[in-house]
1. Take the residues of the stretch 65-99 that are small (Gly, Ala, Ser) and closer than 18 Å to Glu33 by Cα: which is modelled with the highest pLDDT?
2. Could you list, in sequence order, the residues of the stretch 434-454 that are part of a helix (DSSP H, G or I) and over 27 Å from the mean Cα position of the chain (by Cα)?
3. Under the condition of being open to solvent by 50 Å² or more (accessible area, probe 1.4 Å) and touching a residue at least 60 places away in the same chain (Cβ under 8 Å), which residue from the stretch 192-246 is farthest from the chain's Cα centre (by Cα)?
4. If you go through the stretch 415-433 one residue at a time, do you hit one that is among the acidic types (Asp, Glu), in a loop (DSSP other than H, G, I, E, B), at negative phi and open to solvent by 50 Å² or more (accessible area, probe 1.4 Å)?
5. May I ask you to say which residue of Ile30, Ile61 is of a type in the set (Val, Ile, Thr) and either open to solvent by 40 Å² or more (accessible area, probe 1.4 Å) or within 28 Å of Ala196 (Cα to Cα) (or both)?
6. Run down Ile229, Ile210 and say which single residue is over 19 Å from Val66 (Cα atoms) and out of contact with any strand residue (DSSP E or B) (no Cβ under 9 Å at 6 or more places or on another chain).
7. Could you please find all residues in the stretch 301-322 being modelled with pLDDT under 95, farther than 14 Å from Met355 by Cβ and either part of a helix (DSSP H, G or I) or under 20 Å from the mean Cα position of the chain (by Cα) (or both)?
8. From the list Ile58, Ile67, pick out the single residue that is touching a Pro at 6+ places or on another chain (Cβ under 9 Å) and part of a helix (DSSP H, G or I).
Amino acid sequence: MQNSKEKWLFWACFVALVATSFGFVVRAQIIGEWQVQFNLSETQKGEIFGVGLWPFAISIILFSMVIDRIGYGRVMVFAFICHVSSAIITIFANGYWMLYVGTLVLALGNGAIEAVINPVVATMFPRDKTKWLNILHAGWPGGLAIGGILAITLSGAHWGWKVGLVLIPALTYGAMMLRCEFPVQERVKAGVSHKAMLQEVGTIGALIVIVLMIREVGRVFEWNLMAQIIVAGGLVSAYGWYVKSFGRPMFILLLLIMMPLATTELGTDSWITDLMVPFLGANALWVLVYTALIMMVLRFFAGPIVHKLSPLGLLATSSAVAIIGLVALSKATGTAIFLAATVYGIGKTFFWPTMLGVVAERFPRGGAMTLNTIGGVGMLSVGIVGAAFLGNIQDKEIDRGLLAADSTLHSQVVMKERASVFGSYRPLDQDKVMALDENQKATINNISTAAKKNALATVAVFPAIMLVCYVGLILYFRSKGGYTAIDLESEAMPEAPD
C-alpha cells in the first residue's frame, strides 16, 4: 500500500468483511435456541442457514453489473442499511418467516459489501491479487472468531443480544467508509467495455447463476416448475441475446468447481456448531472459533505459500487436507475433535480467496462481474443446496434410524411429510420430543448424534471432486507452459489459452 488513503480503504474493506461474518457465527450459535422456541425442523434450520447465503448472490451479481456506473459508495450505503435493519427484524422475530426475512436482508447486505471490496482490492494490487485477496478475506474468519467469542461471553443471555453484536462492526465500517476514496476499477481503466465484461461470463455462466437463483426464489414464492422454467429461460435468453457469447470455458469450469468448494467451507461452517453439540455441549461453538483463528492467521501469510505452490497447487493441496479433516471430524470424539478440526481448518483456509485470486488473475477483462460471479455462485449453491442438504441428510437418517429402533416412539414424535428440493422428508416434532421421558430422549439423542456424524462424512465427497478438477487444471496449464496471471496494464496482453 503506497499511501495512507489506500491503507485506510483496505482496512475499511477488511472491517466490512468482518461484519458479514458476525451474523453468520451468531446464527450458528443460536440456531438451536430458535429450533426450540419456534419448533423448527432440521431442514428449516438448513433453510435459514441457506437464506443467510443465497441472497448474497443476488446483490453481489446484480451490483457487479452496474457498480462501476452507480459508484462504490452508494453500494456500501445499501449494505449498511441492510445490516442495521436485519438486526432489528431478527431481534423482534416471532416465527420461522421473520427469522428467514431478517437473515435474507443480512445476506443482501453481505453481498453488497463483497461486490465492492473484491474488485477494489484486486485493483489496488494488480501484481499480487491472490496474496492480497487472501489477506482481505482473513476478515471473514477474523469476524467468526471475534463474533464467536463475544457470543460465548453472552451465554445465558437472550439470543436477541447476540444478534445485536453485528451492529458493532457495521457501525465501525460505516464510519470508516465516510472518508474513503475508491479507485477506478482496472477494467474501466484499461478501456474494456461493459459488454466485453459481460461476455466473459457469457450465456452459460448466466444460465448457471439464473437457474440456481430462480430455483430458490421459486421455492420461497411457491412458483410451479413451468413458471420457473419460463422466468429462467426468459432471463437467460435476454442475457445471451445481448452478449452474444457462451462465456469463457475455463471460467465456466471454475463456476462449477465453486459449488462443491462453497459447500465444503461454508456449508460445513453453517452446521459445525450444531453438529458438535452432542460431543462438546455448550463448548461446541469453540470448534468454529478455533478453525476460524487458524484460517485468519494462515491467510495473512498466504503470499509465500502461493508463491511456493502456485494458486492451483494450493487449491489442490487444500482439497486433499480438507478430505482428511472432514473424515476425521466424522469419527472423532472428545479432545480428538480439536485435532481433526485443526486439519479441517487448515484445509479450508485458502479455498475461497484463492479461487477469487485465480479468477482475478485469469479473467481481468471481466472486472467486477467475473470476480463477484464466482463468489455469488458459491453462495447460491451452498445456500440453496449445501446447507439444506446437510440438514436434509440428518432429517432422513433420524427418520430411518428411529423407525428401525422404536416404531412406536417414531409414530409419536415424527411429523407428517414436508417438501424440500431434495424430495419429501419427515422431521421430528420438537415440542413432542421435549415431552418425552429421559430414556426416550436418550434414544433420539443417540440416533441424532449418528446422523450428524454421517453428515460430516458425506461432505468429504465435495473436496474429493475438487481435488480431481484442480489436478486436471494443473496438468492443463503445464501443457500450455505454466500458469500465469494476465495483466491488463501490459501494452501487449498475452492471449489466454482458456
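The values are calculated or read from the model by the stated rules, or taken from the named source; none is laboratory data. On a predicted model such as this, the values are computed, not experimentally measured, just so you know. For neighbour counting, all protein chains shown are included, and Cβ atoms are generated from backbone atoms with ideal geometry for every residue, glycine included. Just the protein is used for accessible areas: all its heavy atoms, side chains included, with ligands, DNA and RNA removed. Shrake-Rupley method; radii C 1.70, N 1.55, O 1.52, S 1.80 Å.
1. Result: Ala87.
2. Passing the criteria: Met434, Glu438, Asn439, Gln440, Lys441, Ala442, Thr443, Ile444, Asn445, Asn446, Ile447.
3. Selected residue: Arg219.
4. Yes; the residues of the stretch 415-433 include at least one that is among the acidic types (Asp, Glu), in a loop (DSSP other than H, G, I, E, B), at negative phi and open to solvent by 50 Å² or more (accessible area, probe 1.4 Å).
5. From the options Ile30, Ile61, the qualifying one is Ile61.
6. The unique qualifying residue is Ile229.
7. The answer is Gly303, Pro304, Ile305, His307, Lys308, Leu309.
8. From the options Ile58, Ile67, the qualifying one is Ile67.
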